[in-house]
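K.L.:
I am attaching a structure below and will ask some questions about it afterwards.
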2 protein chains.
Amino acid sequence: MIETRLLRSFLVVADELHFGRAATRLHLTQPPLTRQIQQLEGDLGDVALFDRTRRQIALTQAGQAFVVEARRILDQLAHAVDRTQRVARGESGRLRIGFISTANYSVLPGLLKAFASRFPDVEVELLESTGDEQARLLADGILDAGLLIASDPVPDLESLPLYREPLVAVLPRSSPLASRTGTMAVKPLRAEPFVLFPRVLAPSLYDKIIAYTEKAGFSPYVAQEARQMQTIIGLVAGGLGVSIVPACMQNLRRDDVVYQRLSPKAPEITTFLVWRADRSSSVLESFLEHCRPLAKTSPKRVRAKR
Amino acid sequence: MIETRLLRSFLVVADELHFGRAATRLHLTQPPLTRQIQQLEGDLGDVALFDRTRRQIALTQAGQAFVVEARRILDQLAHAVDRTQRVARGESGRLRIGFISTANYSVLPGLLKAFASRFPDVEVELLESTGDEQARLLADGILDAGLLIASDPVPDLESLPLYREPLVAVLPRSSPLASRTGTMAVKPLRAEPFVLFPRVLAPSLYDKIIAYTEKAGFSPYVAQEARQMQTIIGLVAGGLGVSIVPACMQNLRRDDVVYQRLSPKAPEITTFLVWRADRSSSVLESFLEHCRPLAKTSPKRVRAKR
DNA sequence: TCTCGATCATACCCAAAGCGTATCAAACAG
DNA sequence: CTGTTTGATACGCTTTGGGTATGATCGAGA
């Protein structure tokens, strides 16, 4: 089998066209170098790489061809070492991140943009999914990290709170309930039909909304269900009802809807980054390092920012 | 330095994910294999390729990246061996061939087509040139072989006669000298202006033409010189004169010229393949082997064919 | 929880591979 | 024709790498 040592030696001999000088450059003496080339020629099937009939040796055509190939192989090897080291350092590789749709309007875009500029060789794969589904995909090793809304720590997963936001009401712009101040009371929503997502998709968020309205004395009448936030807001715009959504959805600006802060103060929800403590790859480690400074430990900091 | 032995072992371990089984496949025992992987990880800069914390070892992300790279390197190596052997066998490589313009109308096209179909991986480089120039380029090692017209063996070169042909007259179709039979006497050309090439370009052919006309009792009056056969025939077509050219030029068919066999019998010329005996590369060897069956040893065989 | 089997790591020894010194053989310059 | 240069060969020795024995650790099952 041809070892890289033979390739290295061959390239130096091919460069010097002189066994003695080549041996010096390789920090060895001439006889072993001669044997190396002989062995290489043998391994290639007794192909003559050099023409030694005269005093000055010369590359045969086969030798010239092999120079090109050998150089390519050693380049490839150097590249392999570099790439592997970068993957080990978490500077290169693949990162699979799950996220709930609202993250697309809050932390996700900025997070990815900043991370991509710091780690340009990391290929990020995104998968929109519910919180429960993400937990399952993390357990199965399909995902490296997830972005989801939670109140309690997710079992078996590490987590980092990234974003706190209140819930807000969303109404058709034509609705008489829409106020100039941007704030409205919850109570009047009692009479409105609601557009909401099916509870299974995000039970904790769903229950928070229901608990909030029930504290105000009513259970919302869900006139229409939709699975995605964008769709919910589209249906609100179409006049099918009102809804209560995370504040970040205000980033989805539409002329035909208005968002309203609620009083009494609507509950806040937190978007967490979650991952498995036991399966930390270097790329994930890089990503976590990148995210940690962005953690929102206290709700006050979020308030201050607004 | 990373040897291919380490790459081979690594790929088997990565495939089996089990040191013991991998060692069996590699025809060695487990401890040295463990050391090989340790050495490989050390050579990569203490990068962990496998996760050995659990019973079942697993590839790290760096390990996964290195699998791809290592496989590529070994593939490249196999390809290098194959290609080098093919070059050594003369099945691949580059062949630089010089030729005189008339060869383009006689042996060259067929020769190259047949050779290319037998040796598809040989890259043939063509260089149109005079006979003397070809001899010089062969001596300098620029050319591997040449196609030229000669009467005497070229000094320091091996040669193989490939094509024998008589000289023929070429006249404007409108010329009253053009006969129906396709044969004409030389004598009437005495009164015609000639289009010929400068003597330096092909002294032996030039002298043959002059000797022939002088035997018929005249020296041609060269009204116009041109370096290329196509141009000479073009000028004949344009009515600037007549000429005497190798018979193969009849392959350059034009409505406005006619070719005529000459009487008394015009001298024959031979196109030779020439090469340096001392610089025979394998590709050249293949080419010579391909050409030898085409050699025309006796003029009779050529005659017989017509 | 404890034990045992499976599996990778380590220690140590030996054989093979590879390097160095000495020398030979051939080619070329003078 | 001779001496010098240069690649090839011979042989001894060091180093490398593989084998055997054994240790350490993890996990399955009692």
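Bear in mind that the values in this text are calculations on the coordinates, not laboratory data. Source: prediction; values computed, not measured. Here the Cβ positions follow ideal geometry from the backbone for every residue, glycine too, while neighbour counts run over all protein chains shown.
K.L.:
Counting Lys and Arg as +1 and Asp and Glu as -1, each charge on the Cβ, what is the dipole of segment A:4-88 about the Cα centre in debye, to the nearest 20?
P.N.:
Magnitude of the dipole: close to 260 debye.
K.L.:
Enumerate the calculated ³J(HN,Hα) couplings along segment B:193-201 in order (Karplus 6.51 cos²θ - 1.76 cosθ + 1.60, θ = phi - 60°), each rounded to whole Hz, writing x wherever the residue is Gly or Pro.
P.N.:
Result, rounded to whole Hz: x, 9, 10, 9, 8, x, 4, 4, 5.
K.L.:
In addition: What is the calculated FRET efficiency for B:L17 to B:H79, with r their C-beta to C-beta distance and R₀ = 25 Å, to the nearest 0.05?
P.N.:
Values: r = 28 Å, r/R0 = 1.11.
E between B:L17 and B:H79, to the nearest 0.05, is 0.35.
K.L.:
What is the sum of charges, Lys and Arg at +1 and Asp and Glu at -1, for the other residues whose Cβ falls under 11 Å from the Cβ of A:A216? It would help to have the intermediate numbers written out before the result.
P.N.:
On the way: positive: A:K187, A:R190, A:K215; negative: A:E214.
Combined, the nearby Lys, Arg, Asp and Glu give +2.
K.L.:
Would you mind listing the distances between the B:D15 label point and the same position in each other copy? Use 7 Å along Cα-to-C-beta, nm, one decimal, shortest first.
P.N.:
Those separations, rounded to one decimal, come out as 3.4 nm.
K.L.:
Which distances in nm, rounded to one decimal and ordered from shortest, link the label point of B:S204 to the equivalent label points in the other identical copies, with labels set 7 Å from Cα toward Cβ?
P.N.:
Label point to label point, same position, other copies: 9.5 nm.
K.L.:
Here's something else I'd like to know. Near the amide H of A:I269, under 5 Å away, which other amide H atoms are found, from residues 5 or more places off or on another chain, if H is placed in the peptide plane?
P.N.:
A:E165, A:L167
K.L.:
Mind giving me the FRET efficiency for B:R8 and B:L112? R0 is 56 Å, r the Cβ-Cβ distance, nearest 0.05 is fine.
P.N.:
My answer for the efficiency is 0.85.
K.L.:
Averaged across the residues of A:86-95, what count of C-beta atoms belonging to other chains lies within 10 Å of each residue's C-beta?
P.N.:
For peptide A:86-95, the averaged partner shielding equals 4.
K.L.:
Find which of A:G42, A:P153, A:T181 sits farthest along the positive direction of the dipole of chain A, computed with +1 on the beta-carbon of Lys and Arg, -1 on that of Asp and Glu, about the Cα centre.
P.N.:
Checked the options; the winner is A:T181.
K.L.:
Let me ask you something else. Hey, what angle do you get for helix A:108-118 against the long axis of chain A, alpha-carbon based, 0 to 90 degrees rounded to 10?
P.N.:
The angle comes out at about 20 degrees.
K.L.:
Oh, and also: Any idea what the A:R173 label distances to the other copies are, label 7 Å down the Cα→Cβ vector, nm, shortest first?
P.N.:
Between copies, matching label points for A:R173 lie 8.3 nm apart.
K.L.:
Also, I was wondering about something else. If I take every Cα pair under 8 Å that is 6 or more residues apart in segment B:146-267, average their sequence separation and divide by the length, what percent do I get for the relative contact order?
P.N.:
43 percent
K.L.:
How about segment A:128-230: which chymotrypsin sites (Phe, Trp or Tyr not before Pro) there lie in a loop by DSSP and see at most 16 other Cβ atoms within 10 Å?
P.N.:
On the way: sites: A:Y163, A:F194, A:Y206, A:Y212, A:F218, A:Y221; in loops: A:F218.
Passing both the DSSP loop test and the Cβ count: A:F218.
K.L.:
With contacts defined as alpha carbon pairs under 8 Å and 6 or more residues apart, what's the relative contact order of chain B in percent?
P.N.:
22 percent
K.L.:
log10 I(q)/I(0), Debye, Cα-only segment A:165-268, no solvent, q = 0.13, 0.21, 0.24 Å⁻¹?
P.N.:
Summing over Cα pairs of segment A:165-268 leads to -0.38, -1.12, -1.57.
K.L.:
Please give, to one decimal in nm, the separation of the simple spin-label points placed at A:R25 and A:Q39, each 7 Å out from Cα toward the Cβ.
P.N.:
2.0 nm
K.L.:
Testing the spin-label approximation: label points 7 Å from Cα along Cα→Cβ at B:E158 and B:K215. State their distance in nm.
P.N.:
Modelled inter-label distance: 3.3 nm.
K.L.:
A 24 angstrom limit on the alpha carbon distance is what I want to check against. Which of B:K187/B:K208; A:K208/A:K265; B:K187/B:K296; B:K113/B:K265; B:K187/B:K265 exceed it?
P.N.:
Table pairs above 24 Å Cα-Cα are B:K187/B:K296; B:K113/B:K265.
K.L.:
Evaluate the charge dipole of segment A:160-304 about its Cα centre and quote only its size in Debye, nearest 20, assuming +1 on the Cβ of each Lys and Arg and -1 on the Cβ of each Asp and Glu. Display every interim value, and only then the final one.
P.N.:
Values: 20 positive and 11 negative charges, 92 e Å.
Taking the Cα centre of segment A:160-304 as origin, the dipole is about 440 debye.
K.L.:
Only bridges with both residues in chain B count here: give the DSSP antiparallel percent, nearest 5.
P.N.:
DSSP beta bridges in chain B are roughly 55 percent antiparallel.
K.L.:
Given the C-alpha atoms of segment B:4-88, compute the convex hull and give its volume per residue in Å³.
P.N.:
Normalising the Cα hull of segment B:4-88 by residue number yields 99 Å³.
K.L.:
Given a Förster distance of 60 Å, report the FRET efficiency between A:R94 and B:R136 from their Cβ-Cβ distance, rounded to the nearest 0.05.
P.N.:
Efficiency at R0 = 60 Å is approximately 0.50.
K.L.:
Over all Cα pairs of segment A:87-243, how is the pair count split among 10 Å bins, expressed in % and running from 0 up to the last occupied bin?
P.N.:
9, 32, 31, 18, 8, 1
K.L.:
Could you tell me which of B:V242, B:V200, B:L162 has its Cα farthest along the dipole of segment B:156-249 towards the positive end, charges placed at Cβ (Lys, Arg +1; Asp, Glu -1), taken about the Cα centre?
P.N.:
Final value for the positive-end residue is B:V242.
K.L.:
Which loop-located trypsin sites (Lys or Arg not before Pro) does segment B:51-136 contain, where loop means any DSSP state but H, G, I, E or B and the Cβ has at most 14 other Cβ atoms within 10 Å?
P.N.:
Listed in order of number, the matching sites are B:R52, B:R54, B:R55.
K.L.:
Could you tell me what percent of the DSSP beta bridges with both partners in segment B:161-288 are antiparallel, to the nearest 5?
P.N.:
Once the DSSP bridges in segment B:161-288 are tallied, antiparallel ones form about 60 percent.
K.L.:
Separate question: Tell me which residues come under 5 Å, amide H to amide H, from A:R94 once H is placed; ignore anything under 5 positions away on its chain.
P.N.:
It is A:E123, by chain and number.
K.L.:
Considering only segment A:47-188, what is the antiparallel percent among its DSSP beta bridges, to the nearest 5?
P.N.:
Working: 2 of 13 bridges.
Restricted to segment A:47-188, the bridges split so that about 15 percent are antiparallel.
K.L.:
How long is the protein assembly as shown along each principal axis, judged by its Cα atoms, biggest number first, in Å?
P.N.:
Its Cα atoms span 131, 69, 39 Å along the three principal axes.
K.L.:
Also, quick follow-up: Provide the net charge surrounding B:L196, with neighbours chosen by a C-beta distance below 13 Å and charges set as Lys +1, Arg +1, Asp -1, Glu -1.
P.N.:
It works out to a net charge of 0.
K.L.:
Within the set of other residues whose C-beta is less than 9 Å from the C-beta of A:S282, count the net charge using Lys and Arg as +1 and Asp and Glu as -1.
P.N.:
-1
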